[in-house]
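Single-structure report; data block below.
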Amino acid sequence: MTKKIKLFSNLRADFPSGLVVFLVALPLCLGIALASGAPPLSGIISGIVGGIVIGSLSNSHISVSGPAAGLTAIVLTAISTLGSFELFLLTVFLAGLFQLVLGFVRAGSISNYFPSNVIEGMLAGIGVIIILKEIPYAIGFEGGDVFSAIFNGIKINVQLGAVIITAVSLLILILWDKISFLKNLKLVPGALVAVISGVVLNQIFVQSGSDLAMGGDQLVKLPVPESFLELKNLVVTPDFSGFKNPEVWITAVTITIVASIETLLCIEASDRMDRHKRYTDTDRELKAQGIGNMISSLLGGLPMTSVVVRSSANASAGAESKTSSIIHGMLLLVCVLAIPVVLNMIPLATLAAVLLVVGYKLANPSKLARFWNKGLYQFVPFIATLLAVVLTDLLKGVALGMIISIIFILRGNLKRAYNFRKQEYEEGDVIHIDLAQEVSFLNKAAIKSTLNDLPENSKVIIDASETVYIARDVIDLIEEFATIKAREENIDLTLLGFKTDYQLENAENNNVFVTHNDEETENRKEKQDVY
C-alpha cells in the first residue's frame, strides 16, 4: 500500500514536470536540428528516444537527454563533410557503440580529467557558432553565411517580417528571465511563449495578405504522413556501406568524446540539483547514452547527451523521479504524430531567436572577465579553446586547450619543486629554499637557475625535511653548489633534513640563526616567491 501511495505521489509531481520539460524541449529539438543543418524531424526523434529510452535505462532521477546545442558544430560540419545525412547517422551509431563500451570499461570518471576552463571554452565556442549560424534565419537571409556574403560583396536581402518576429521573440525571452512574475510561471516556459507568438504574428501577416508574411523555406518543414505506411517510409536509416570511410570513424570518435563529457558534466550538475541528493551511476549513464544514440541513429535521429537546460527545467518544476523524463518523451511522440501541421506553421525566425539566447548563454561575455580574473593559467586555455573551436573545429579546439593546459600544469609543477623565501633576521638576510615532497630531474633546471642567482656573502638554508624523494641529478647539483660555488662566493650554506642515503652533511639542529623573542618573530618582514 505504501509503495502505491509513493508511486501516485511521484506521478503527481512527475507529470507536471514532464509537461514543462516537453514544452521546453519542443522548440529546442526543432531549433537544434535547424542549427545542425539536419532535417527537423531528426531533432524530434532524438528528443523522443532521449526521453523514453535513456530515461528508462538511466538511474539519474533529474537529468533529461535529447539533442544538444553542444553538438551542433560537429553535426553541421560532419553532414557537410560526409555528403549525406545517412552516412552521418552511421557515425552516430558508432558513437553510441563506443559509449556503450566506455560504460562497460567503467570510464564514467573521464570528465574529471578535463579542466573546467577547456570545457567552458568549448561551450563558449559552440555558443558563438550557434549565434553565427542563426543570424541568417533571424533576418530572413536565404543566402547562407551573412558575413561571407558581406566579405564577397553580395547584397544582403533582409526580410522585414523575419526581423519583426525575431525581435518580438527575443523581447519575450529576455523579459521572461528578467521579470520575476513571468519567471515563476513554471508551466509556461518563455521559449514556448516566444514560439507561439511567432506563429500568431506570422499568421496575422498571412491572413492580412501582408508582404511581411513568411512561408516556404522560412517555416519548419516536418513531413505529414497520411498513413502508417507513409510514417514508416519517413524513417531514415544509417548507410552502413560507409564503414571504410576514415571520416566516419573520426567523426564518431569526436561525437563520443564530446557527448560523453557533456553528459557526465550535466549528470554532475543534475545530481547537485536533486533535492534528495541521489547520486547517478555514471558508468550506467554512459551505457544508457550509448544505447540511446544507437537507437536514435537507426530511426534517423540526432546524437544526444544529457542536457543542462532541460534538466534544470525538470528540477525547477519539482520532478521526483526519471518518470518525468519518460513522460516528456511520450508527449513529444504524441505531438509529432498528432499535430505536425501545427508545427509546420512555426517560423524559423522565432526558433532562431530561441537559439540566439541559448548561444548567448553559452558564450556569455562575463565568462571572459571571470577567467581573466582567475589569471593567465586559466584564461589562456579558455580563450584558445574558444577561438580554435570557432575557427577550426570542436575536436581541434579541445585538443589545443588540453595541450596548453598540460603545458601550464607541467610548467607550474616544475617551478613548485621548492619554496624560495627570503627572511630578514638581525644577523642579516637569510634565504630559505624549502624542497617539495618530490623533486624529479624535471626540476633540475629551475633549481639550478635559483642557485646560480644567489648573491655572494649570503646566508642560505636548503631544507629537505618534508621531502620524500629527490632525483640523483638534483642531489649532485646541490652537492656541487655546496662544495664549489658556496665556498667560492662566501655563501654560508646550511643543509637540513637530507636523508643519509644522499650523503650530504646536515646541520646538527634547526636553530641555525638565533631570534630574540616572539614579538620580533611576528614583526619580521617576510618576502616570498613561490616557484
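The table below gives the values:
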{"quantity": "Accessible area in the full protein assembly, largest first, 1.4 Å probe, for TRP249, TRP176", "calculated": "TRP249, TRP176"}
{"quantity": "Ratio Rg/Rh, restricted to the range 284-385 and using Cα atoms, in which Rh is the Kirkwood radius", "calculated": "1.06"}
{"quantity": "Shape metrics for the chain, restricted to C-alpha atoms - Rg then Dmax, Å", "calculated": "30.4, 99"}
{"quantity": "Cα-Cα over 24 Å, subset of LYS322/LYS367; LYS155/LYS396; LYS133/LYS244; LYS277/LYS322; LYS133/LYS322; LYS444/LYS485", "calculated": "LYS322/LYS367; LYS155/LYS396; LYS133/LYS244; LYS133/LYS322"}
{"quantity": "SER36 accessible area, assembled protein chains, probe 1.4 Å, Å²", "calculated": "0 Å²"}
{"quantity": "Structure-based [θ]222 nm, the chain - -39500 (n - 2.57) summed over DSSP H runs of at least 4, per residue, nearest 500", "calculated": "-19000 deg cm²/dmol"}
{"quantity": "Residue-normalised accessible area of the chain, expressed per residue, 1.4 Å probe, Å²", "calculated": "49 Å²"}
{"quantity": "Segment ALA399-ARG272, length gained on full extension (0.36 nm per residue, minus Cα span)", "calculated": "42.9 nm"}
{"quantity": "For CYS266, solvent-accessible area (1.4 Å; no DNA, RNA or ligand), Å²", "calculated": "0 Å²"}
{"quantity": "Largest to smallest accessible area among ILE326, ILE154 [probe 1.4 Å]", "calculated": "ILE154, ILE326"}
{"quantity": "Top positive-direction residue, dipole computed over the chain with Cβ charges, set VAL380, VAL430, SER306", "calculated": "SER306"}
{"quantity": "Solvent exposure, largest accessible area first (probe 1.4 Å, DNA, RNA and ligands not counted), of TYR360, TYR137, TYR279, TYR502", "calculated": "TYR279, TYR360, TYR137, TYR502"}
{"quantity": "Total formal charge among the other residues, if their Cβ is under 15 angstrom from that of VAL236, Lys/Arg +1 and Asp/Glu -1", "calculated": "-1"}
{"quantity": "Positive-end residue of GLN218, ALA471, LEU493, charge dipole of the chain with Cβ unit charges", "calculated": "GLN218"}
{"quantity": "Förster-model FRET efficiency, 51 Å R0, GLU489 and ASN373, C-beta, rounded to 0.05", "calculated": "0.75"}
{"quantity": "Apportionment of accessible area to carbon and sulfur, the chain, percent (1.4 Å)", "calculated": "61 percent"}
{"quantity": "Farthest positive-ward along the chain dipole, Cα basis, beta-carbon charges - from VAL206, ILE461, GLY318", "calculated": "VAL206"}
{"quantity": "For the chain, size of Cβ-based charge dipole, Lys and Arg +1, Asp and Glu -1, in debye", "calculated": "2600 debye"}
{"quantity": "DSSP H segments from the chain that extend 20 Å or more along their own axis, Cα-based, with Kyte-Doolittle mean of 1.6 or above", "calculated": "85-104, 160-178, 190-207, 323-338, 348-362, 376-391"}
{"quantity": "Extended-chain gain in nm, criterion 0.36 nm per residue less alpha-carbon gap, THR500 and ALA338", "calculated": "50.1 nm"}
{"quantity": "Area accessible to solvent at LYS155, 1.4 Å probe radius, in Å²", "calculated": "150 Å²"}
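The values are calculated or read from the model by the stated rules, or taken from the named source; none is laboratory data. Keep in mind that what you see is a predicted model, and the values were worked out from it rather than measured. Neighbour counts run over all protein chains shown; Cβ positions are idealised from the backbone, glycine included. Calculation scope for accessible area: heavy atoms of the full protein, side chains included, ligands and nucleic acids excluded. Shrake-Rupley method; radii C 1.70, N 1.55, O 1.52, S 1.80 Å.
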